[in-house]
Amino acid sequence: MQPRRGVIATVLVLASLALVIASMVVGGSISSAPRSSEPAMQSRATDAAIEAKGGSAEAEEEAGQTAERIQAWHQAKAAGTLRVQQAAALAAPAGGWAGEQVISPTADDWEPAIAADPNSAYVYLLTTRYTGPTACGNKCPLPYIMLKVSSDGGATWGPDRYMCTCAGVGAQADTIIEVVPNTGTVYAVFMNGYNVFFTKSTDHGATWTTPVKTYGKVSWNDKPILATSDNGQDIYVSFNGPTGGDPYVAQSHDAGATWTQTKVVDSSRYFFAFDGDVLPNGTVVFSEASLDYSGPGGSLVGQSQIDVIRSSNNGASWTNSVVDTVELSPVCTAAGCPDDYYPGHTAVSADANGNLVLLYDGATTPNGNDTVWSRRSTNGGGTWSARQALSTSGEMGDFPAVESRGAGDVRAWYMQTNGGNFDAWNVWYRSSTDGGQTWASPVKISDVTSGATYKTANGFLEPYGDYGEIAITNTGKTIGTWGEGNSYTGPGGTWVNRQA
């Protein structure tokens with residue numbers, strides 16, 4: 001469920017520890033927000049999940065990190081350092097921007113996703129929450145998925161809403177949300193344990209359909225990415241599966257009612273999907289990165305490959321192209337951080353003409369600082385332009401997000417260190433009006449410099465998760481979301497900023 005794999009340990013002991021700690025923090029009053037029906041699902045704590053190479057490591061990592069994050073949140077609460085002071089002075093927001101805000105001043109929120117309706121003022125944000133109360137006390141998982149809805153383009157947000165009262169399932173995470181352009185229906189996928197489920201809402205997130213399985217008979221699945229056609233009939237979900245993280249695509253051609261699955265690549269490399277899009281002509285593209293864990297103890301070796309998985313026949317067949325090969329970045333040394341946190345992130349988006357912009361991070365020398373790179377394609381991902389750098393030379397650039405609309409209107413953000421300091425990160429925004437051929441000067445949009453233990457005048461201490469997204473509202477304004485924290489372990493929060 002976490003984007004990176006750790007050293008294999010005693011899975012069930014750690015899972016039990018996480019459940020014990022979770023039982024101490026859940027309870028209390030439950031939100032009266034509408035909830036979906038409870039799906040008939042089982043936890044992924046089965047022999048099949050543990051046996052899979054990716055599954056055993058991911059289960060170990062998730063259980064251990066859940067326990068550590070809950071403990072870190074309790075320690076911060078006891079020390080009186082938990083609450084984010086939202087009234088903290090801004091270092092003047094960039095021109096045209098409203099200023100950065102945290103979604104919850106006390107919750108431990110991780111890896112958000114965001115989507116905007118192109119035809120109305122609704123914006124939807126999902127985040128993985130590590131603090132209770134859960135939707136149904138000790139019967140519901142921790143962490144779980146929390147929904148925020150804005151009806152005014154992100155200026156204000158409604159109350160917290162549970163995505164699903166999912167009792168008796170494993171921890172929830174890795175959530176993605178999209179709005180169907182032609183109908184305004186909201187689609188979402190998320191993990192229940194190590195299974196990917198799909199749900200949708202036709203009433204602006206007030207209620208959701210019973211989650212349905214996307215994975216068929218695939219025994220273990222992780223890290224989903226969602227893409228949909230403009231009419232919402234054709235839906236594609238890329239995820240990595242058993243046998244060492246091979247990429248699969250689940251697809252539905254009846255608006256999510258039924259699903260089939262295709263294994264796209266069979267290799268020794270571990271694939272991570274980060275973004276996807278369906279072009280106006282129906283071509284589907286997913287941007288992914290593949291890594292080699294064949295080193296001692298399952299460590300990373302070799303290089304990071306930037307892959308584009310593509311179908312031009314509505315999912316009947318798939319191809320994978322290696323767009324670039326980049327060097328591995330430095331090892332993350334923040335508390336709780338896996339060695340492979342920084343390498344291998346991608347983002348892709350198509351404009352209304354089907355022209356693509358691909359962003360990714362990677363180094364030019366082994367263990368050198370990552371640069372955020374950009375490439376363009378005008379033939380649906382068949383070929384790509386030469387790469388150009390978006391982040392600053394000499395700094396560590398990572399975790400890009402991108403969205404496009406119209407004819408060549410591209411918006412992007414990425415994270416970057418300040419002065420080479422890995423304890424001082426900022427989020428930078430860049431835009432293009434010619435499909436990524438040229439880019440406007442970078443603008444810093446992580447502009448709160450105090451009020452949280454992880455906020456400093458130079459930047460925040462650590463990116464909190466490697467999911468984060470950007471969207472364009474119906475009025476053409478940009479809105480972005482990302483995670484910031486004290487360390488990989490946290491606590492941390494989900495932050496947003498928008499163009500005013």
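The values are calculated or read from the model by the stated rules, or taken from the named source; none is laboratory data. Worth saying up front: this structure is predicted, and the values here are computed from it rather than measured. Here the Cβ positions follow ideal geometry from the backbone for every residue, glycine too, while neighbour counts run over all protein chains shown. Only protein heavy atoms, including side chains, enter the accessible area calculation; ligands, DNA and RNA are left aside. Shrake-Rupley method; radii C 1.70, N 1.55, O 1.52, S 1.80 Å.
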Flag if Asp361 is touching a residue at least 40 places away in the same chain (Cβ under 8 Å), part of a strand (DSSP E or B) and out of contact with any His (no Cβ under 7 Å at 6 or more places or on another chain): no
Those residues of region 387-403 which are closer than 14 Å to Pro463 by Cβ and touching a Ser or Thr at 6+ places or on another chain (Cβ under 6 Å), in sequence order: Ser391, Glu395, Met396, Gly397
Options Pro280, Pro296: the member that is farther than 22 Å from Ser349 by Cβ and either in contact with a Pro (Cβ under 9 Å, 6 or more places away or on another chain) or open to solvent by 20 Å² or more (accessible area, probe 1.4 Å) (or both): Pro296
Scope region 444-475; condition without any contact (Cβ under 8 Å) to a residue 60 or more places away in the chain and either at positive phi or touching a strand residue (DSSP E or B) at 6+ places or on another chain (Cβ under 6 Å) (or both); matching residues: Tyr454, Asn458, Gly459, Phe460
Filtered residue count, region 141-166, keeping only those that are open to solvent by less than 20 Å² (accessible area, probe 1.4 Å) and over 16 Å from Thr128 (Cα atoms): 3
Pair list, Cβ under 7 Å, 6 or more apart: region 195-217 residue touching a residue at least 24 places away in the same chain (Cβ under 8 Å) and on the phi > 0 side of the Ramachandran plot, other residue assigned to a loop (DSSP other than H, G, I, E, B) and open to solvent by 20 Å² or more (accessible area, probe 1.4 Å): His204/Tyr122; Gly216/Trp259
Within region 372-412, considering residues that are assigned to a strand (DSSP E or B) and of a type in the set (Asp, Glu), the one most open to solvent (accessible area, probe 1.4 Å): Glu403
Flag if Gly193 is at pLDDT below 95, closer than 26 Å to Thr346 by Cα and open to solvent by less than 40 Å² (accessible area, probe 1.4 Å): yes
Candidate set from region 447-500 (those that are in a strand (DSSP E or B) and of a type in the set (Ser, Thr, Tyr)); member that is surrounded by the fewest Cβ atoms within 10 Å (Cβ to Cβ): Thr456
Residue in region 87-100 that is under 30 Å from Val179 (Cα atoms) and under 20 Å from the mean Cα position of the chain (by Cα) present: yes
Tally of residues being modelled with pLDDT of 95 or more, touching an Asp or Glu at 6+ places or on another chain (Cβ under 6 Å) and open to solvent by 30 Å² or more (accessible area, probe 1.4 Å) across region 75-122: 1
Members of region 421-446 found to be part of a strand (DSSP E or B) and open to solvent by 30 Å² or more (accessible area, probe 1.4 Å), listed by number: Asn421, Phe422, Asp423, Trp428, Arg430, Ser431, Val443, Lys444
Residue match in region 336-350 (condition: closer than 24 Å to Gly468 by Cα, under 20 Å from the mean Cα position of the chain (by Cα) and among the polar types (S, T, N, Q)): yes
Matching residues in region 324-341 - criterion: being in contact with a Pro (Cβ under 6 Å, 6 or more places away or on another chain) and among the small types (Gly, Ala, Ser): Ser329
The lone exception for Val169 - which of (1) crowded, with 22+ Cβ neighbours inside 10 Å; (2) among the β-branched types (Val, Ile, Thr); (3) out of contact with any Gly (no Cβ under 7 Å at 6 or more places or on another chain) it fails: (3)
Which numbered condition Val149 misses (of (1) part of a loop (DSSP other than H, G, I, E, B); (2) modelled with pLDDT of 95 or more): (1)
Residue count, region 330-366 (criterion: of a type in the set (S, T, N, Q) and open to solvent by less than 10 Å² (accessible area, probe 1.4 Å)): 2
Restricting region 180-190 to residues that are under 18 Å from Glu469 (Cβ atoms) and over 16 Å from the mean Cα position of the chain (by Cα), the residue that is surrounded by the fewest Cβ atoms within 10 Å (Cβ to Cβ): Pro181
Single match in Ser268, Ser238 (criterion: on the phi < 0 side of the Ramachandran plot, of a type outside the set (Val, Ile, Thr), surrounded by fewer than 24 Cβ atoms within 10 Å (Cβ to Cβ) and touching a strand residue (DSSP E or B) at 6+ places or on another chain (Cβ under 9 Å)): Ser268
